[in-house]
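Notes follow once the structure below has been shown.
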Amino acid sequence: MNGKLYLVPTPIGNLEDITFRALRVLKEADLILAEDTRTSTPLLKHFGIDKKVLAHHQHNEHQAIPEIIRFLKEGQRIALISDAGTPAISDPGFLLVREVLKNKIDVECLPGATAFVPALVNSGLPADRFIFEGFLPVKKGRQTRLKELADEKRTLVFYESPHRLLKTLEDFSQYFGIDRPASISRELTKLFEETVRGTLGELKIYFETHTLKGEFVICVQGK
């Protein structure tokens, strides 16, 4: 009898955001796949979870999948976690899920933490219809994507890293207009959580003189 693959969201900062169900699944799993074992080990230790952990990230997922499929066919229950948030949302997971389903093995995804939902709801921008873009291409395809999104009427949601934030805000101002309303959240659920709202032009000026630390979620009002 086949086992099952569980996708388990982990806190994006505040450890209190883990769910009872996530803890139970992790404790009952035969094997935990983690994006970075250095990040996951303290989390698992904090909750008293002592299980075998294997690294599963974008650099080894192609090679690792056949062995994981074999484990599942042997009946093992395997939990996949990322560094923070929900696996496969701007993190590894999609390729594994696709192959597991191809092999007619069950996949179960638990609800839980993901950064863009609180950022969007907290932005003050329309949340009834939105488009999640994650990280934009750094070079190839970036301008084409921005041109396509310039006329998008739904709220736009992006992830960005600290060292590229100002460049991205510059690009957004160019393609969307400096007066387009937007919101930027960083360090969500953590001690220094911050959300700044304003036009794209105002936000660029703000972050030119303020802290660029943590992961950023940018919400931009549609056209």
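Which whole-number percentage describes the relative contact order of the stretch 1-93, with Cα contacts under 8 Å and a sequence gap of 6 or more?
49
Just G201, G13, G141 to compare: in a GNM of the chain, with alpha carbon springs under 10 Å, which one fluctuates most?
G141
As a test of the formula, what do you get for the chain when each DSSP H run with n ≥ 4 contributes -39,500 (n - 2.57) and the sum is divided by the residue count, at 222 nm and rounded to the nearest 500 deg cm²/dmol?
Rounded to the nearest 500, it is -10000 deg cm²/dmol.
What is the stretch 94-154 by shape, rounded, prolate or oblate, if you read a ≥ b ≥ c off the alpha carbon gyration tensor as root eigenvalues and call it rounded for a/c under 1.5, prolate for a/b larger than b/c, and oblate otherwise?
Verdict is oblate for the stretch 94-154.
GNM on the chain, C-alpha springs below 10 Å: top fluctuator among T19, T195, T211?
Fluctuation is largest for T211.
Over 24 Å between C-alpha atoms is what I'm after, so list which of K52/K73; K4/K27; K4/K51; K139/K190 land there.
K139/K190
What percent does the relative contact order of the chain come to when contacts are Cα pairs within less than 8 Å and at least six residues apart?
The value is 22 percent.
Which whole-angstrom value gives the distance between the alpha carbon centres of the stretch 128-185 and the stretch 77-99?
25
Summarise the accessible area of the chain (1.4 Å probe, protein heavy atoms) by the percent that is carbon and sulfur.
Using a 1.4 Å probe with all protein chains present, the chain comes out at 53 percent carbon and sulfur.
Beta carbons within 10 angstrom, averaged per residue: use that to sort the peptides 183-190, 24-31, highest first.
Descending mean neighbour count gives 183-190, 24-31.
Rounded to the nearest whole Å³, what is the per residue volume of the convex hull around the Cα atoms of the stretch 10-97?
91
Multiplying the sequence separation of Q174 and K153 by 0.36 nm and subtracting their Cα-Cα distance, what value in nm do you get?
Here the answer is 5.8 nm.
Give me the Debye-computed log₁₀ of I(q)/I(0) at q = 0.07, 0.10, 0.12, 0.18 Å⁻¹ for the chain, equal point scatterers on Cα only, no solvent, two decimals.
After summing over all Cα pairs, the log10 values are -0.26, -0.51, -0.71, -1.22.
In nanometres, what is the gap between the two model label sites at H59 and K167, each 7 Å from Cα along Cα-to-Cβ?
2.1
Show F132, F20, F216, F192 ordered by accessible area, largest first, where the area counts protein heavy atoms only and the probe is 1.4 Å.
F20, F192, F132, F216
For the stretch 1-49, what is the accessible area per residue in Å², given a 1.4 Å probe and the full set of protein chains?
In whole numbers, the stretch 1-49 has 52 Å² accessible per residue.
Using Cα pairs closer than 8 Å and at least 6 residues apart in sequence, work out the relative contact order for the stretch 50-107, in percent.
With pairs under 8 Å counted, the relative contact order is 36 percent.
Under a 1.4 Å probe, what is the accessible area of the stretch 119-223 per residue, stated in Å²?
On a per-residue basis, the stretch 119-223 sits at 54 Å².
The values are calculated or read from the model by the stated rules, or taken from the named source; none is laboratory data. Just so you know, these numbers come straight off a predicted model, no measurement behind them. With ideal geometry, Cβ positions are generated from the backbone for all residues, glycine too; neighbour counts draw on all protein chains shown. To get the accessible areas, we keep the full protein, side chains included, count just its heavy atoms, and leave off ligands, DNA and RNA. Shrake-Rupley method; radii C 1.70, N 1.55, O 1.52, S 1.80 Å.
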